[in-house]
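Working notes for the structure below.
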Amino acid sequence: MIVDKSSPVGRTTGLVVAGALAGAALVGAGVALADGLPGSSPKVTYVKENRTIPPGYLSTNVVCPEGQQAIGGGFAHVGEHQQEHPVIAEISAPSNTSGEPDDPTNAWTFFFVNDKKRTTPVEVHVICTPIDD
């Protein structure tokens, strides 16, 4: 393909073609990385559970499968969300279910505050990887 770089259309076409080629290269690299880097563990686990927050508050957690540690977590509102009266997550943090401070974090803990008169559904998530011994 010959592109006339002196015209605005030619420059735009050249940039679009260059962008498409760069995008294709990044997609290919992303697919390769999704298959795992050499030496990386393909055993990342994603756990999603549903909770219903009553009026007031809810303290809850999502636990990793046995032998795994929490490396991330979060929540998502399900259904209608009111900006005037939002559900607030005062805590969204890694934790462990043993209660021992030096044990691996095998869960993600939440503390939600709901000032509405109705219950509010949320999805809670934790991302886990194997514990290295």
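Miscellaneous remarks
- Test: residue in the stretch 68-90 that is modelled with pLDDT under 95, out of contact with any Phe, Trp or Tyr (no Cβ under 6 Å at 6 or more places or on another chain) and β-branched (Val, Ile, Thr): yes
- Enumeration of residues in the stretch 74-120 that are touching a His at 6+ places or on another chain (Cβ under 8 Å) and assigned to a strand (DSSP E or B): 74, 75, 76, 108, 120
- Of all residues making up the stretch 50-91, the number that are farther than 17 Å from residue 108 by Cα and free of Cβ contacts under 8 Å to residues at least 40 places away in the same chain: 8
The values are calculated or read from the model by the stated rules, or taken from the named source; none is laboratory data. What you are looking at is a predicted structure, and each value in this text was computed from that prediction instead of being measured. Cβ: placed from backbone, ideal geometry, glycine included. Neighbour counts: every protein chain shown.
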